[in-house]
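The values are calculated or read from the model by the stated rules, or taken from the named source; none is laboratory data. No experiment lies behind these values; they were computed from the predicted model shown. Virtual Cβ from ideal backbone geometry, glycine too; neighbours counted across all protein chains shown. Only protein heavy atoms, including side chains, enter the accessible area calculation; ligands, DNA and RNA are left aside. Shrake-Rupley method; radii C 1.70, N 1.55, O 1.52, S 1.80 Å.
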Amino acid sequence: MGSQGGFGQSKEFLDLVKSIGEARSKSEEDRIVLHEIETLKRRINEPDIPKRKMKEYIIRLVYIEMLGHDASFGYIHAVKMTHDDSLLLKRTGYLAVTLFLNEDHDLIILIVNTIQKDLKSDNFLVVCAALNACCKLINEETIPAVIQQVVELLGHQKEAVRKKAVMALHSFHQRSSSSVNHLISNFRKKLSDNDPGVMGATLCPLYDLIVIDVNPYKDLVASFVNILKQVAERRLPKTYDYHQTPAPFIQIKLLKIMALLGSGDKKSSEQMYTVIGDIMRKSDTASNIGNAILFECICCISSIQPSPKLLETAADAIAKFLKSDSHNLKYMGIDALGRLIRINPDIAEQHQLAVIDCLEDPDDTLKRKTFELLYKMTKSSNVEVIVDRMIDYMISINDSHYKTETASRCVELAEQFAPSNHWFIQTMNKVFQHAGDLVNPKVAHNLMRLIAEGFGEDDDAADSQLRSSAVESYLKIVDDPKLPSAFLQVICWVLGEYGTADGKYSASYISGKLCDVAEAHSSDDIIRAYAVTALMKVYCFEKAAGRKTSLLPECQSLLEELSASHSSDLQQRAYEFRAILDLDANAVENIMPLDASCEDIEIDKSLPFLDNYVHKSLEQGAEPYIPENERSGTLNISNIINRNPYEHPAHSLRFEAYEVPKPVVPTKLTPAVTYPTDLVPVPEPSYQPTLSSGPISDAGSGSGSGSTELRLRLDGVQKKWGKPAYSSAAASSTSTIDSQRTTDNGATQSDNVTSKSREPRQPHVEVSEEKQKLAASLFGGRTARPERKQSGSAAGHSKVSRTTNHVEDKAQPTTVATAVQPPPPDLLDLGESSGAVSSYSSSVDPFKQLEGLLDLSQDGHAVTTTSTGPDLMSLYSGASTNGQNQNQNQNLNPLINEKDNMNGAPNPSNRTASLTKGPSLKDALDKDALVRQMGVNPTSQNPNLFSDLLG
Amino acid sequence: MIHFVLLISRQGKVRLTKWYSPYSQKERSKVIRELSGMILTRGPKLCNFVEWRGFKVVYKRYASLYFCMCINQEDNELEVLEIIHHYVEILDRYFGSVCELDLIFNFHKAYYILDEVLIAGELQESSKKTVARLVAAQDSLVEAAKEEAASISNIIAQATK
C-alpha cells in the first residue's frame, strides 16, 4: 500500500476524500459513500489483510460514519483492532470504537477485557488510550470491571494518566452514581494534586457532586477560594495562561462551584467576596476570555448571598456588556441582567433602552434571550405589552420547540398577571389560535378549569362576566376552519357549559354552532365527542329550565350518524344523549345539573348498589371475588417488571480474568509462574470455590462450571478475535507479545529520522502558497489586526445590506470589517496568527472578493501573504503533499477569500481599481496549470474563479 | 457539559463530528442538517450562539470552517467560545498553520487532539503545551510503529516468536 502524499493514506483513500470534497450535492455524496461502503464490505472481510491496510479501512469506516452513514458492518473489525499490540493500531481501534459505539452497544463486552489489560500496561500512552475509551464505552454494567484499576491509576506517576483517571471516574459517576459513591472521596484528594491539570480536571466531578448536594462540600469553600486566589495571582505555570489570562477555564469552573456553595449561605459567601472582587477588578474586558470570567463572576454574585458592593460592580459590568457593539456581549449582558434582577429588580430600569434595542434586533438568538429576560421581569403593570410582544414573536417563528415554549410562557404570564377578564380571554384565544396544537394539553384543561372556577375571588359577578366574554369571543371565532384541536375542545366545552348561561344566545343558536363544529371536524373523534356532550348539556339545561326544547334537525342527523360511528366512545355518547331525550325534566336536572363542573362527584368505592346482584349470583353458585393481591398461584407480573436487574449483583457479568487454570499437564506450570502481570486475575473469593470444585476443563471452556452465578467469560472471547497464538497457549504467547512490544517501542525510536526524510518528494512551491493563504485566512495575516482597528471607524458602511453585496463589492469589506468583534489585544502566542480568528461574513461572494485580492496586490496596499514567507515554506514542506490540494480548490477558495477580505478591509476605495493583473498573475497561472494537470475542470465548481485568475 | 462537537464547512460538508451524549445515527444526521441550516445562514454580525431544542449551540467560524459545540442552558457561552479557540490553537500548533485541508485529510488526527482537549464532554486540559506534548508523545510512537514492518527488530521479533 503505497503511501501517497504526506497524509499517510493510500491513493484510494485520498481519492475518496477528494471525490467527497468535489461532490456538488448531498445525493452525489451519498452515492459515493454507498459505493465506498460496498467496496469496504467486500474488502474488509478478505482473509489476511495486512494490519496497516486494515487500519486504513477502519479510518475509512470512521469517515463513512462521520458522513452520516451506517458503518456497523465494520464495527467488529474496529473492536478487533483494539486488541492489537501496536499502539498505532490500538489507538486507531480505540478511536474508532469510541466514535462508533454508544455505551449500550453489544460489542462493548468484547472490549472490556482489552481495556482491563491496557489499564495495566506499563506504557502510559496505552493506559491513556484505554482511559479515553473508558470514558465513552464503559456502561453501568461494566463499571465494576474496571473501576478498581481506574482508582489505582489516580496515583499514577504521569499526570496525564491521573487526569484521565479522574475524568473516567467522573464519567462513571455520571452513568451510575451508586457504583462510584464509595469512591468520591478520591476527588477531594485529587484536588490537592501537584499538577494543575489534574486539579483542573477534578473540578469537573466536584462541580457535578456539588450540584447534587452542596452540604458535604461546605468545608471546601476555603480551599476553593484559596485556589482561585492563587490562580488569579498567577501562581500556576505559565502554560496555563490563555491569552495572558491566568488559567481562565479553571477560574470559571471555580466560580461555578462557588456560586453553588455560596447560595443561601452567608458564612461561605463572605469568604468569597474579596476574591471575586479582585478577579472582577483584574479581568481584562477587552478579551473574550476576560469577559467570560466577568460573566461567570456576575453569575456567582447573583447566586451567593448578595453583597451590595459586588452587586454594584456586577451592575457596572452588565452595563458595559449591554453597551458593547458585540452581539455576543449583549447576549451575555441580557443573560446576566436576567440573573441580577432576581436580587435587585431596579437594575433593569437603567438598561431599558438597551433591552429594547436587543428586542428589536434582527438577531433571533438575542431576541429570544431578551424575551426570556422580559418573562422574568413581567409584573402586572407591564404584562400586556410583554405578552403582546411575545405573541407577535410566537406567530413569527416556525421553530416548534420555541413556539411551544413561548406559548406556554404567554399562558403562564396571562394567568398570573391578567389585568382583566376580557384581555385574558383574548390573549388565550390568540395563543391557542396560533400555537394550539403545540401547547401542552394541560394548558387547555387549565383554561377550562379557570373559566369554570373563576379567578378564585368569591366574586360571582366577575366570574360570570368572564364566562360570557369567553362565550362571546368563542362564538366569534368558532367558524374559523383552521382552529387547532385543543382549542376547539375548550370552545365546545365552554359553549356547552356556559353558552346559554347568561341568556344572551338562544339554545338553538349554540346548538347550531356546535353541530357545525362536529360536522367540520368529522375526522377528529375527540372534538366530536366534546361537541356531542356540549349539545347534550345545552339540551339538558334548557329542559331543566322548563323551556320548550326541540332538537334541531342537523342535531338529529348528527346523533344518527354518531350512533353508527365506529368509535365506541362517540356511539356511547350518542346513545346516552338519546336516552336523555326521553327523560323528564326532573331526571335531566339530576343528570346534568347546571354549572356543576366544579362540584365533586362522590364515589362509593364499595359499590353498594350492586350488593343485591352479587348476593344473587353467589347463591346461584358463582365463585366469590378474590382481590388481586390475595390471589395466590398466579404470577405477579408487576413485581417482575419492576425489578431492576442491576439491583442484583449476583446476576451481573463477571469481568475479572479467571484464575489461571490449574494445569492438567504439570509441565505447563512454569508459565504460570512467569506470568506477566497483565493476566494475573483479580482475586475474587466468591469464585474461588467454584473453580476448585468444578472440573478443570470447565474453567478452560468458560461454561461457568455449574456456579450459581451464570457469567460470561470474557477472556475466552479473545481466542476468537485476538492473535491466533492466544488460543493455543495464552500464557506463553502474551509474554512474547509483551516482549515484542517493548522491543518495538525501544528499537523503532531511532527509525523516526528515516521516516521523516522520506516524506517530501516533490517541489511544492505553488501548493505552499495555497496553504499559506489558507493559513493566513484561517489564522489571519500579520497585517490583519491593526487594519481592522482602522476599519472600525468606517462603520458608516456597515449598513450595506446583504443583498447588495454582489453588486457593491467595494462596500463589502467594511461590512465585514465592522462585523469583527472589538479586536482583542495581541495575546495569541501563535506569531503571525494573531487575533485573526474571528467571524466573517458568510454572505460575501467569494469570487468577487478574489478579484479584489488581485487589485490590492497590484496596488501594493495590502501586504499579501502570497509572497512566499520562508517560515511558512519550511512548515509546509514538513506536511508535504503531492499537489492533491489543488483538487481541493473548492475548499480552498473561501479560505483564500477570507484572507483577502481582511487585507481588503481597510481600504475599500482601492477595490475600485480596474481588474489589471499584478504580480499575482503568475501565481494564478501556476495554480490553474496545476489544477488542470490534476484533471479538475475549472468550470465544474466555479467558473468565475478560474477565468478571473487567467484574466 | 458539551454534548457534541461539529465541524462543518461553509458548504455544509461535515468535517468532524464527536458525540458525547448518545445520539442514534438517524438523530445525528438530523442534528447536523438542522444545525447547518441554522448556523450557515446566520449573518456575520450576529452573536455566535443559537438556541436549539433547549440547548445552546456555540459556533465560531474560522475561514470557511464552522466549529460548533452544543452545551447546556446554564453553561457559559463565552467560555465555550474560548474552548473552541483553544482547540483551534492547538490544531494550529500541531499542523503548523492549520487549514481546512489538514483537517479533511487528517481528520483522525484532529480526533486524537480533540480527545486530549475534551473528555466525556468536559474540558480536561487547558494547557496547550501539555496537550501538545502528549500528542507529540503519541505521534512519536506512531511514527516508530509505521516503520515497524520493515525494521529489523520486527524481523527478529517475528523469528523469535
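Can you find a residue that is open to solvent by 10 Å² or more (accessible area, probe 1.4 Å), within 15 Å of the chain's Cα centre (by Cα), at the interface with chain A (Cβ under 8 Å from one of its Cβ atoms) and within 30 Å of A:Ser303 (Cα to Cα) anywhere in segment B:98-119? The answer is no; no qualifying residue exists.
Please go through segment B:59-89 and give me each residue that is crowded, with 19+ Cβ neighbours inside 10 Å, more than 14 Å from the chain's Cα centre (by Cα) and under 23 Å from A:Ile397 (Cα atoms), ordered by number. Across segment B:59-89, the qualifying residue is only B:Ile71.
Go through segment B:25-40 and report how many residues are within 22 Å of A:Gln174 (Cβ to Cβ) and either crowded, with 20+ Cβ neighbours inside 10 Å or more than 8 Å from chain A (Cβ to nearest Cβ) (or both). First the steps, then the outcome.
Here is the first cut: in segment B:25-40, the residues within 22 Å of A:Gln174 (Cβ to Cβ) are B:27-28, B:31.
Filter again for either crowded, with 20+ Cβ neighbours inside 10 Å or more than 8 Å from chain A (Cβ to nearest Cβ) (or both), leaving B:27, B:31.
Total meeting the criteria: 2.
Within segment A:268-294, track down each residue that is outside any helix (DSSP H, G or I) and within 12 Å of A:Pro246 (Cβ to Cβ). I'd like the intermediate steps shown before the answer.
Of the residues in segment A:268-294, the ones outside any helix (DSSP H, G or I) are A:283-287.
A:Ser283, A:Asp284 - these are the residues of segment A:268-294 that are outside any helix (DSSP H, G or I) and within 12 Å of A:Pro246 (Cβ to Cβ).
Apart from one condition, A:Ser464 fits all of (1) within 20 Å of A:Cys410 (Cα to Cα); (2) out of contact with any Gly (no Cβ under 6 Å at 6 or more places or on another chain); the exception is (1).
One line per residue, one yes/no per condition, for (1) surrounded by 21 or more Cβ atoms within 10 Å (Cβ to Cβ); (2) touching an Asp or Glu at 6+ places or on another chain (Cβ under 9 Å):
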site: A:Asp15; (1), (2): no, no
site: A:Asp30; (1), (2): no, no
site: A:Pro47; (1), (2): no, no
site: A:Leu61; (1), (2): yes, no
site: A:Tyr94; (1), (2): yes, yes
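Contact annotation: residue pairs with Cβ atoms under 6 Å, 6 or more positions apart or on different chains, pairing a residue in segment A:211-240 that is touching a residue at least 12 places away in the same chain (Cβ under 8 Å) with a partner that is open to solvent by 60 Å² or more (accessible area, probe 1.4 Å) and assigned to a helix (DSSP H, G or I), are A:Val221/A:Gln271; A:Val225/A:Gln271. Take A:Arg24 and tell me if it is surrounded by fewer than 15 Cβ atoms within 10 Å (Cβ to Cβ) and touching a residue at least 40 places away in the same chain (Cβ under 8 Å). Against the criterion (surrounded by fewer than 15 Cβ atoms within 10 Å (Cβ to Cβ) and touching a residue at least 40 places away in the same chain (Cβ under 8 Å)), A:Arg24 qualifies.
As a summary of the residue check, A:Ser192 satisfies the conditions (1) assigned to a helix (DSSP H, G or I); (2) open to solvent by 20 Å² or more (accessible area, probe 1.4 Å); (3) within 30 Å of A:Gln116 (Cβ to Cβ) except for the one numbered (1). I'd like the full set of residues that are among the aliphatic types (A, V, I, L, M) and within 14 Å of another protein chain (Cβ to nearest Cβ), limited to segment A:280-300. The answer is A:Ala286, A:Ile289, A:Ala292, A:Ile293, A:Leu294, A:Ile298. Tallying residues that are facing another protein chain (nearest Cβ under 7 Å) and either at negative phi or open to solvent by less than 10 Å² (accessible area, probe 1.4 Å) (or both) within segment B:43-58 yields 9. Taking every residue in segment A:38-64 that is farther than 25 Å from B:Lys18 by Cα and pairing it with any residue that is open to solvent by less than 70 Å² (accessible area, probe 1.4 Å) and assigned to a helix (DSSP H, G or I), at least 6 positions away or on another chain, the pairs with Cβ-Cβ distances below 8 Å are A:Arg43/A:Tyr57; A:Ile49/A:Arg43; A:Ile49/A:Tyr57; A:Lys51/A:Leu89.
Counting only helices (runs of 4 or more DSSP H) that sit completely within segment A:70-164, those holding 3 or more residues that are closer than 28 Å to A:Phe187 by Cβ correspond to A:87-100, A:108-119, A:124-137, A:143-153.
Scanning segment A:464-498 for residues that are over 42 Å from the mean Cα position of the chain (by Cα) and farther than 19 Å from A:Phe424 by Cβ turns up A:Asp479, A:Gly496.
Within segment A:216-244, which residues are more than 21 Å from A:Met280 (Cα to Cα) and either in contact with a Lys or Arg (Cβ under 8 Å, 6 or more places away or on another chain) or open to solvent by less than 80 Å² (accessible area, probe 1.4 Å) (or both)? Within segment A:216-244, A:Pro216, A:Tyr217, A:Lys218, A:Leu220, A:Pro237, A:Thr239 qualify.
Going through (1) modelled with pLDDT of 75 or more; (2) under 53 Å from the mean Cα position of the chain (by Cα); (3) surrounded by fewer than 10 Cβ atoms within 10 Å (Cβ to Cβ) one by one, A:Gly633 falls short only on (1).
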